[in-house]
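Novice: Starting off with a structure, shown below.
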Amino acid sequence: MKRREDKRLAKKGVSLLLTAALMMGLTGCGKEGNNQPEEGTATITPTIEAGKEVTPEPTAEPTPTTAPTPTEVEKEVRTDFYISAIDEELPSLYEAYTDYFSIGVALTASELFNELKVDVIKDHFNSMTCGNEMKPDYLLDREGCVVAGTEECPVLNFKSCDGMLQFCMDNGIKMRGHTLVWHSQTPDWFFMEGYSNKKDAVMVSKEVMLARMENYIRQVMEYVNTNYPGVIYAWDVVNEAILPGDGDADGMRVQDSMWYQCVGPEFVEKAFEYARKYAEPDQKLFYNDFNTYEVAKRQAIIKLVEKIQAQGNIDGIGMQSHIGISSPTLDDFETTIRKFAETGLEIQLTELDVNLDSSSEADLMKEGTRYKRIFFLLKNLKDTGAANVTNVTIWGLTDDKSWLNKDGLRYPLLFTQLLETKPAFWGILQDEGIPLY
Ligand code: 9MR
């Protein structure tokens, strides 16, 4: 604790010295401190134009005559973006957006054993998503299924996510339930007779699979809502079911989707029907997908959600938003949000991160700008009533833990491995030190 305090004071000292130096007009070693213009005279800054120095006409702007107060000094534009996030004086991300949307973070269960991380999580986030712990491959208990032998009702086990749900309940953090029905991270044996994992296993009928789906959704919702009432506010009911060009006329994912192959395209509608049946009335039901700014994909998603909307079983669209430093363009991003919003559904950015293949200072600043612009856009869309954005979730806490680090580090998040803030953090806060363009 003492070390933290020392570090904070040391940093503060450095930044005050720097700002004081700037206010005094010192750029080099600081001995020509007497270069303030005389009272009331205008400043004249020489500029270089086409290779020669040009002295502009004096402006009428008077020079401030009084010394800045300490408060003014502290308001100087930030230049140091790497601040220990354990510093209690940092502005809170979620508090900054209270009037707009909740701010979430995806975590793994083990991160909650790190007390320093827990402090940072509680300071900055009021929404959480389990990165993996609530997915079918974590909840489905194959041994239990085989022993119980109930073909239509799988056996589940919640030990993977109990701790995370409890943490949220204890700390007043809401959770996005991620994810009920997905082609990925769902074992093949879930679709087989006798829950067999053998090579020659036979797929169950559509009717049995729909019964398994309903019982799966029912049990997840009943367990979570009974044991952790009020924690989950949104469910990703179906994840990534659209993949135009995969063999379905409506752009559904076919080739690697056991759900499509076993049940047919209507598995999505059925999932939402069951989810509505068992969800608490205030829990919002979402369709969630990536690359939503691709035109064909966006169109297919809108067609799909409008059908479910007509049945009264969906409340929102989740834009995962695993994006690059310049792609998609902000225009494409905005167009998608606006088009999704035209359905009247809520919009959430459910898995935001920015894939960066370098950690150079310039690139980390560009990343800060990327985050700043996205949040600036979202605020604006909300302010103008163009879109009902209700949550933005960052897909991870510290850079070292990102799912993107497969072939090397990707620096996509808001905090370094040492829990220091990055320019991305200050970008979200719309800090003046981060350029908007
Ligand atoms: O973050 C998750 C990572 O730890 C897993 O290895 C991966 C496996 O599919 O899933 C990651 O989360 C995914 C999310 O559940 C759905 N959208 C894409 C995310 C990144 O792959």
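The values are calculated or read from the model by the stated rules, or taken from the named source; none is laboratory data. Bear in mind the structure is a predicted one, so any value in this text is a computation, not a measurement. As a convention, Cβ positions derive from the backbone with ideal geometry for all residues, glycine included, and neighbour counts pool all protein chains shown.
Novice: How many residues are within 28 Å of Leu285 (Cβ to Cβ), outside any loop (DSSP other than H, G, I, E, B) and within 13 Å of the ligand (Cβ to nearest atom) if we restrict to region 364-411?
Specialist: Matching residues across region 364-411 total 2.
Novice: Say we look at region 337-354 and pick out the residues that are polar (S, T, N, Q) and surrounded by 24 or more Cβ atoms within 10 Å (Cβ to Cβ); which of these is nearest to the ligand (Cβ to nearest atom)?
Specialist: So, considering only residues that are polar (S, T, N, Q) and surrounded by 24 or more Cβ atoms within 10 Å (Cβ to Cβ), the one nearest to the ligand (Cβ to nearest atom) is Thr350.
Novice: Answer yes or no: is there a residue in region 252-270 that is within 30 Å of Gly368 (Cβ to Cβ), within 16 Å of the ligand (Cβ to nearest atom), within 26 Å of the chain's Cα centre (by Cα) and buried (at least 20 other Cβ atoms within 10 Å of the Cβ).
Specialist: no
Novice: Related question: What's the number of the only condition in (1) more than 16 Å from the ligand (Cβ to nearest atom); (2) under 22 Å from the mean Cα position of the chain (by Cα); (3) part of a loop (DSSP other than H, G, I, E, B) that Asp248 fails to meet?
Specialist: So Asp248 meets the others, but not (2).
Novice: If we scan region 126-147, do we find a residue that is more than 25 Å from Trp259 (Cβ to Cβ), touching a helix residue (DSSP H, G or I) at 6+ places or on another chain (Cβ under 7 Å) and either without any contact (Cβ under 8 Å) to a residue 40 or more places away in the chain or not polar (S, T, N, Q) (or both)?
Specialist: Within region 126-147, one or more residues are more than 25 Å from Trp259 (Cβ to Cβ), touching a helix residue (DSSP H, G or I) at 6+ places or on another chain (Cβ under 7 Å) and either without any contact (Cβ under 8 Å) to a residue 40 or more places away in the chain or not polar (S, T, N, Q) (or both).
Novice: Further question on the same structure: Pairs only if they're at least six apart or on different chains, beta carbon under 7 angstrom, first in region 257-268 and under 9 Å from His183 (Cβ atoms), second of a type in the set (A, V, I, L, M, F, W, C); list them, first residue then second.
Specialist: Met258/Phe191; Trp259/Val181; Trp259/Phe267; Tyr260/Met252; Tyr260/Val254; Tyr260/Phe267
Novice: Oh, and also: Considering (1) more than 27 Å from Ser102 (Cβ to Cβ); (2) out of contact with any Ser or Thr (no Cβ under 6 Å at 6 or more places or on another chain); (3) within 16 Å of the ligand (Cβ to nearest atom), say which one Cys161 fails and leave the rest.
Specialist: Of everything listed in (1) more than 27 Å from Ser102 (Cβ to Cβ); (2) out of contact with any Ser or Thr (no Cβ under 6 Å at 6 or more places or on another chain); (3) within 16 Å of the ligand (Cβ to nearest atom), Cys161 misses just condition (1).
Novice: Looking only at strands (runs of 3 or more DSSP E) that fall completely inside region 302-363, which ones have 2 or more residues that are of a type outside the set (Val, Ile, Thr) and in contact (Cβ under 8 Å) with a residue 40 or more places away in the chain?
Specialist: Strands (runs of 3 or more DSSP E) meeting the threshold: 316-319, 346-355.
Novice: From the list Ala275, Ala201, Ala241, Ala211, exactly one residue is surrounded by 15 or more Cβ atoms within 10 Å (Cβ to Cβ) and within 16 Å of the ligand (Cβ to nearest atom). Which is it?
Specialist: Just a single option satisfies the conditions, and that option is Ala241.
Every residue, every condition in (1) among the polar types (S, T, N, Q); (2) in contact with a strand residue (DSSP E or B) (Cβ under 8 Å, 6 or more places away or on another chain), yes or no:
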| residue | (1), (2) |
| --- | --- |
| Glu361 | no, no |
| Thr384 | yes, no |
| Val389 | no, yes |
| Gly408 | no, no |
| Leu414 | no, yes |
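Novice: While we're on this one: Kindly provide the set of residues from region 260-289 that are assigned to a helix (DSSP H, G or I) and of a type outside the set (D, E, K, R), ordered by number.
Specialist: Selection gives Tyr260, Gln261, Cys262, Val263, Phe267, Val268, Ala271, Phe272, Tyr274, Ala275, Tyr278.
Novice: A further question follows. Every residue in region 85-133 that is more than 15 Å from Thr350 (Cα to Cα) and either within 15 Å of the ligand (Cβ to nearest atom) or of a type in the set (Gly, Ala, Ser) (or both), please.
Specialist: Answer for region 85-133, where residues must be more than 15 Å from Thr350 (Cα to Cα) and either within 15 Å of the ligand (Cβ to nearest atom) or of a type in the set (Gly, Ala, Ser) (or both): Ala85, Ser92, Ala96, Thr108, Ala109, Ser110, Glu111, Glu133.
Novice: Right, next: Looking at region 167-187, I want the residues that are at negative phi and modelled with pLDDT under 95 and have a partner that is of a type in the set (A, V, I, L, M) and within 12 Å of the ligand (Cβ to nearest atom) with Cβ atoms under 8 Å, at least 6 apart or on another chain. Which pairs are those?
Specialist: none
Novice: Same structure again: Determine which single condition Met169 fails, assuming it passes every other condition in (1) touching a helix residue (DSSP H, G or I) at 6+ places or on another chain (Cβ under 7 Å); (2) away from the ligand (no atom under 16 Å from the Cβ); (3) among the aliphatic types (A, V, I, L, M).
Specialist: Met169 satisfies every listed condition except (1).
Novice: Return yes or no: is Gln320 under 23 Å from Ala106 (Cα atoms), crowded, with 16+ Cβ neighbours inside 10 Å, out of contact with any Ser or Thr (no Cβ under 9 Å at 6 or more places or on another chain) and polar (S, T, N, Q)?
Specialist: no
Novice: I'm checking my understanding of the structure. Among residues of region 384-417 that are without any contact (Cβ under 8 Å) to a residue 40 or more places away in the chain and surrounded by fewer than 23 Cβ atoms within 10 Å (Cβ to Cβ), which one is nearest to Ile323 (Cα to Cα)?
Specialist: Step by step, filter region 384-417, then rank; the result is Asn405.
Novice: Yes or no: region 125-148 includes at least one residue that is within 21 Å of the chain's Cα centre (by Cα), surrounded by 17 or more Cβ atoms within 10 Å (Cβ to Cβ) and among the small types (Gly, Ala, Ser).
Specialist: Among the residues of region 125-148, at least one is within 21 Å of the chain's Cα centre (by Cα), surrounded by 17 or more Cβ atoms within 10 Å (Cβ to Cβ) and among the small types (Gly, Ala, Ser), which makes the answer yes.
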